[in-house]
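Undergrad: This is the structure I have questions about; it appears just below.
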Amino acid sequence: MLRPFLILPIAFICAALPALCQQGNRPAALQIIPQPLSVAVRDGYFFLKADTRIYFPDGKADWETAAQYIGVLAKAPTGFDLKTEAYAKAPDQIQNNTIYFLPDNTIQGEEGYKLDIQPEHIRIRARSAKGAFYAVQTLRQLFPASFNTPAPEPYAEWLAPCCTIEDAPRFQYRGLHLDVGRHFFPVPFIKRYIDLLAMHKLNTFHWHLTEDQGWRIEIKKYPKLQTVASCRKETLVGRKYDQTTATFDGKEYCGFYTQEEIKDVVEYARRRFVNIIPEIEMPGHAQAALSAYPELGCTGGPYEAATSWGVFPEVFCAGNEQTFEFIDNVLKEVCALFPGPYVHIGGDECPKDRWKACPKCQKRMKAEGLKDEHELQSYFIQRAEKMLAKQGKKLIGWDEILEGGLAPTATVMSWRGIEGGIAAAKQHHDVIMTPGEYCYFDHYQGDPETEPLAIGGYTTLEKVYAYEPIPAELSAEEAKYILGTQANVWTEYMETSEYVEYMVFPRLCAMAEVAWTAKELKNWPGFITRLRNHLSRLDLMKVNYSKAHLDVVPAYTAGKVSLKIADPMMQIHYTTDGTEPEAPSAVFSTPFALKESATVKAAAFVGRQKTGKTTTVQYLVHKAAGKPYTMSNQADKYTGDGAYALTNGVMGSTKNRNAWLGLSEREIDPVIDLGAPTEFKRVTIHYLNDKTSWIYPPRSAELLVSEDGKIFTSLDKKDIDADKMTGLSIGMVAFDLSAGKAHYLKIVLKPYGIIPDGAAGAGNGAWLFADEVIVE
């Protein structure tokens with residue numbers, strides 16, 4: 001169950017800031033998400049009435065679908081049963097009290113539209129019904145927020161401001177993903193998910209249907225996928241740090257969608273102009289499938305669906321022809337269910353250990369002239385591509401499908417950063433950008449110390465909004481291969497649909513603007529202003545969105561504390577004595593220094609009312625706090641949130657990875673400039689141990705001193721028995737001296753090296769995470 005972090009609803013904020021929200025039941029200035037290309041507002045309003053007529057072009061069923069959607073939206077809040085009628089020829093004179101849908105080949109792109117609202121009527125022009133549908137999504141945002149309520153509002157005035165809006169999307173692919181393999185979600189929620197996706201002008205639902213932990217789609221030719229592979233015997237409770245700390249709930253967990261249910265969802269999505277891309281994982285993430293058909297694995301089993309999270313060694317046997325017969329038959333049924341052009345085959349995180357030891361796989365490699373197991377994976381993917389081509393489908397895979405050679409017509413989803421997308425685009429392959437740093441909505445979005453359990457990472461609303469899908473490394477010609485972008489929702493720790501909504505919203509609002517809005521029109525202050533109004537719609541739709549963007553975020557630079565919040569209309573009140581901030585507390589305006597260690601608490605206020613949860617940070621003031629340092633190796637991913645990560649007075653925790661500075665296979669060696677020769681008796685540095693996340697203790701730690709920052713003398717060195725450390729923990733190396741004095745201090749942490757066989761991430765370089773150097 002989620003903690004009630006935000007005491008006051010967004011509706012309260014609107015009450016306190018009426019100029020920025022809707023006045024009574026009348027729309028405020030146009031607050032549309034995603035931001036349209038152009039908006040021209042005029043005086044007056046169009047009033048939607050019970051007898052308003054909606055007209056669409058005769059003989060165009062998809063236009064009728066778009067037109068009918070107004071009635072679908074209006075039915076619950078207004079009680080109106082709006083009628084739609086076909087017209088054979090567009091009239092020269094538009095009747096009063098009408099909404100007309102008008103095909104127009106001059107409109108930009110098949111998803112572009114022009115929405116013209118007059119007091120007497122509304123005209124929606126588009127090249128295709130898709131564009132008309134997105135005009136409807138804009139129109140719904142122009143009516144009062146209560147247009148989104150599921151309950152009737154009998155005394156409301158349903159008015160939309162007169163305006164002309166011309167709009168078209170920046171990218172043709174705008175996607176949202178959902179993993180139903182780790183946790184299964186019922187059909188009603190899948191439909192609600194599609195509704196919310198369409199509301200934000202996204203056009204693709206990526207349905208991740210198979211995983212190590214469960215197979216979720218009925219395949220009639222292989223009934224054991226339903227009776228065996230759709231179930232796991234139990235599920236991990238909380239995090240797993242090693243086998244000695246893992247606990248399980250002891251409850252069988254099952255679930256799959258029948259083919260009839262899938263057909264129903266596909267039709268539901270079609271009526272919202274959403275294409276569904278099914279994902280059938282191969283050759284890795286196959287443990288659930290192998291539990292039902294063990295003959296398809298390299299060892300022959302027995303196997304069982306995974307009960308915890310991670311990457312598992314069991315994969316489809318690439319040397320067994322039965323494997324490809326199975327995949328071909330599965331894909332035939334999948335392709336028949338999903339009318340869209342794409343099928344996603346995964347292709348990610350496929351360990352090669354079983355293939356290396358499998359006689360059948362080695363025989364296949366020799367027969368096909370493949371030099372290594374990466375090329376064997378490419379062979380596997382290319383066979384899947386040919387199977388899909390026979391069904392008239394195109395293949396999409398995660399960026400690992402680049403390894404060993406890319407299948408000729410494959411589209412790449414770049415998730416491990418942007419490099420895979422760059423490589424694929426330079427090879428003239430279509431790309432969908434979905435780098436984890438910006439697009440993974442299973443990451444924390446607020447302070448991990450106070451947020452519900454998530455997989456890790458830290459991806460705020462503002463960070464999502466700042467994402468630019470076209471890498472600067474691409475030429476204008478290569479950039480044409482970037483089809484668009486997608487947000488991904490992996491559900492290891494999302495057991496309920498409410499939790500999924502909490503992790504998706506409002507970050508999806510930001511991603512919608514990244515995908516739809518022209519780059520030059522993106523503007524963070526404008527977005528956050530429009531978001532206030534948009535959240536009132538989500539309130540009425542009972543969307544369980546996060547309010548982490550209302551949290552105060554502390555920062556520490558050059559010995560001073562600064563406080564910021566995403567919404568500039570909020571005022572920050574704070575204390576430095578550990579008491580709760582209230583309206584009379586100090587108001588933050590400029591960074592402030594601390595003379596001694598203190599607990600800073602801060603919260604956002606509207607007027608005298610607190611709007612969010614309190615942020616609490618313990619600052620340690622010591623001789624190195626706020627001092628600058630240099631390192632031989634620079635962190636580019638785990639930066640500790642700034643240049644003062646190791647000297648900012650804040651200790652990282654086991655949950656909050658943002659404070660840690662991390663490097664892979666490289667030593668951490670800060671040279672701290674104390675500003676002048678300084679006496680000290682004790683120096684400590686901290687490191688993180690979390691081997692399931694590939695984070696290992698250092699092999700050794702050494703303390704050195706210098707007067708000029710160039711020639712260093714070693715004072716002490718300590719070896720660390722990294723192999724004996726288990727579980728999740730924070731280690732400390734302490735250098736105790738009778739007396740010391742130096743202008744510069746240097747600490748060298750030697751990395752662990754290559755992760756040993758049998759451990760998570762075996763064969764990869766271990767990460768080294770360090771934090772706060774304390775000098776006393």
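The values are calculated or read from the model by the stated rules, or taken from the named source; none is laboratory data. Keep in mind the model is a prediction, meaning the values are calculated, not measured. Glycine also receives a Cβ, built like all others from the backbone with ideal geometry; neighbour counts cover every protein chain displayed.
Undergrad: Quick test for you: out of G662, G675, G649, pick the one residue that is in a strand (DSSP E or B), buried (at least 19 other Cβ atoms within 10 Å of the Cβ) and either at positive phi or of a type outside the set (S, T, N, Q) (or both).
TA: The match here is G662.
Undergrad: Another one. Any idea which of L395, L388 is surrounded by 21 or more Cβ atoms within 10 Å (Cβ to Cβ), in contact with a helix residue (DSSP H, G or I) (Cβ under 9 Å, 6 or more places away or on another chain) and in a strand (DSSP E or B)?
TA: Working: L388 fails: in a strand (DSSP E or B).
Testing whether each residue is surrounded by 21 or more Cβ atoms within 10 Å (Cβ to Cβ), in contact with a helix residue (DSSP H, G or I) (Cβ under 9 Å, 6 or more places away or on another chain) and in a strand (DSSP E or B) leaves just L395.
Undergrad: When the residues of region 707-753 are narrowed to those that are without any contact (Cβ under 8 Å) to a residue 40 or more places away in the chain and among the β-branched types (V, I, T), which ends up nearest to E665 (Cα to Cα)?
TA: By that ranking, first place goes to I720.
Undergrad: Residues that are farther than 27 Å from A454 by Cβ, modelled with pLDDT of 95 or more and outside the structural domain of G526 (by TED's automatic domain parsing): find the strands (runs of 3 or more DSSP E) completely inside region 545-584 holding 1 or more of those.
TA: Of the strands (runs of 3 or more DSSP E) lying wholly inside region 545-584, those with at least 1 residues that are farther than 27 Å from A454 by Cβ, modelled with pLDDT of 95 or more and outside the structural domain of G526 (by TED's automatic domain parsing) span 571-575.
Undergrad: Do we have T654 as at negative phi, surrounded by 21 or more Cβ atoms within 10 Å (Cβ to Cβ), assigned by TED's automatic domain parsing to the domain that holds D690 and of a type in the set (S, T, Y) here?
TA: Answer is no for this residue.
Undergrad: Report the residue count in region 756-772 for those that are in a strand (DSSP E or B) and buried (at least 22 other Cβ atoms within 10 Å of the Cβ).
TA: Residues in region 756-772 being in a strand (DSSP E or B) and buried (at least 22 other Cβ atoms within 10 Å of the Cβ): 6 in total.
Undergrad: Output the residues belonging to region 536-574 that are in contact with a Phe, Trp or Tyr (Cβ under 7 Å, 6 or more places away or on another chain) and of a type in the set (S, T, Y).
TA: Y545, S546, Y556, T557, Y574
Undergrad: Also, I was wondering about something else. Taking the criterion of being out of contact with any helix residue (DSSP H, G or I) (no Cβ under 8 Å at 6 or more places or on another chain) and assigned to a helix (DSSP H, G or I), would at least one residue in region 164-186 satisfy it?
TA: no
Undergrad: Ok, one more. Take the conditions over 36 Å from the mean Cα position of the chain (by Cα), surrounded by fewer than 20 Cβ atoms within 10 Å (Cβ to Cβ) and either of a type in the set (K, R) or outside any helix (DSSP H, G or I) (or both) and apply them to I730. Does it pass?
TA: For I730, the condition - over 36 Å from the mean Cα position of the chain (by Cα), surrounded by fewer than 20 Cβ atoms within 10 Å (Cβ to Cβ) and either of a type in the set (K, R) or outside any helix (DSSP H, G or I) (or both) - is not met.
Undergrad: Looking at this structure, is Y502 part of a helix (DSSP H, G or I), among the aromatic types (F, W, Y), touching a Phe, Trp or Tyr at 6+ places or on another chain (Cβ under 9 Å) and at pLDDT 95 or above?
TA: When the stated conditions are applied, Y502 passes them.
Undergrad: Further question: With the checklist (1) out of contact with any Asp or Glu (no Cβ under 9 Å at 6 or more places or on another chain); (2) free of Cβ contacts under 8 Å to residues at least 40 places away in the same chain; (3) among the charged types (D, E, K, R) in hand, flag the one item D757 doesn't pass.
TA: (1)
Undergrad: If only one of E325, E373 is modelled with pLDDT of 95 or more, over 26 Å from L474 (Cα atoms), in contact with a Phe, Trp or Tyr (Cβ under 6 Å, 6 or more places away or on another chain) and acidic (D, E), which one is it?
TA: The match here is E373.
Undergrad: If I filter region 427-471 down to residues being more than 24 Å from P554 (Cβ to Cβ) and of a type in the set (D, E, K, R), which single residue comes out as surrounded by the fewest Cβ atoms within 10 Å (Cβ to Cβ)?
TA: E468
Undergrad: Hey, among the residues in region 407-424 that are farther than 30 Å from P506 by Cβ and surrounded by 22 or more Cβ atoms within 10 Å (Cβ to Cβ), which one's nearest to the chain's Cα centre (by Cα)?
TA: A424
Undergrad: Note down all Cβ pairs under 8 Å where the first residue falls in region 412-427 and is assigned to a helix (DSSP H, G or I), the second is hydroxyl-bearing (S, T, Y), and they're at least six residues apart or on different chains.
TA: Correct list of pairs: G420/S414; G421/S414; I422/S414; A424/S414; A424/Y481; A425/Y481.
Undergrad: If you check L196 against the conditions, is it surrounded by fewer than 21 Cβ atoms within 10 Å (Cβ to Cβ), at pLDDT 95 or above, farther than 30 Å from L290 by Cβ and of a type in the set (A, V, I, L, M)?
TA: Working: surrounded by fewer than 21 Cβ atoms within 10 Å (Cβ to Cβ): yes; at pLDDT 95 or above: yes; farther than 30 Å from L290 by Cβ: yes; of a type in the set (A, V, I, L, M): yes.
Here the answer is yes, as L196 does meet what is asked.
Undergrad: A further question follows. Which of (1) at pLDDT 95 or above; (2) part of a loop (DSSP other than H, G, I, E, B); (3) charged (D, E, K, R) is the odd one out, the single condition D116 does not satisfy?
TA: Among (1) at pLDDT 95 or above; (2) part of a loop (DSSP other than H, G, I, E, B); (3) charged (D, E, K, R), the lone unmet condition for D116 is (2).
Undergrad: So which helices (runs of 4 or more DSSP H) are wholly in region 274-361 and hold at least 3 residues that are closer than 19 Å to L395 by Cβ?
TA: Helices (runs of 4 or more DSSP H) meeting the threshold: 321-337.
Undergrad: Inspect region 306-322 for any residue being farther than 22 Å from L209 by Cβ, at pLDDT 95 or above, in contact with a Pro (Cβ under 9 Å, 6 or more places away or on another chain) and surrounded by fewer than 22 Cβ atoms within 10 Å (Cβ to Cβ) and give the result as yes or no.
TA: Yes, region 306-322 has at least one match.
Undergrad: Turning to a different aspect of this structure: Residues of region 505-542 being part of a loop (DSSP other than H, G, I, E, B) and among the hydroxyl-bearing types (S, T, Y), which ones? Please lay out each step first, then the result.
TA: Applying the first criterion (part of a loop (DSSP other than H, G, I, E, B)) to region 505-542 yields 505-506, 517-518, 522-523, 541-542.
If the condition is that a residue be part of a loop (DSSP other than H, G, I, E, B) and among the hydroxyl-bearing types (S, T, Y), then T517 is the only one that fits.
Listed here are the residues, each with its yes/no results for (1) touching a Lys or Arg at 6+ places or on another chain (Cβ under 9 Å); (2) at pLDDT below 95.
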residue	(1), (2)
L337	yes, no
K360	no, no
D399	yes, yes
S414	no, no
G417	yes, yes
D430	yes, no
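Undergrad: Under 8 Å between Cβ atoms, at least 6 apart or on separate chains: pull out the pairs that start in region 76-87 with a residue that is among the hydroxyl-bearing types (S, T, Y) and end on any residue that is part of a helix (DSSP H, G or I).
TA: Pairs found: T78/F147; T84/E64; T84/A67; T84/Q68; T84/G71.
Undergrad: To continue, here is another question. Can you tell me which of (1) under 27 Å from S706 (Cα atoms); (2) touching an Asp or Glu at 6+ places or on another chain (Cβ under 6 Å) is the one N658 doesn't meet?
TA: (1)
Undergrad: Is it the case that some residue within region 267-275 is hydrophobic (A, V, I, L, M, F, W, C) and closer than 20 Å to G214 by Cβ?
TA: no
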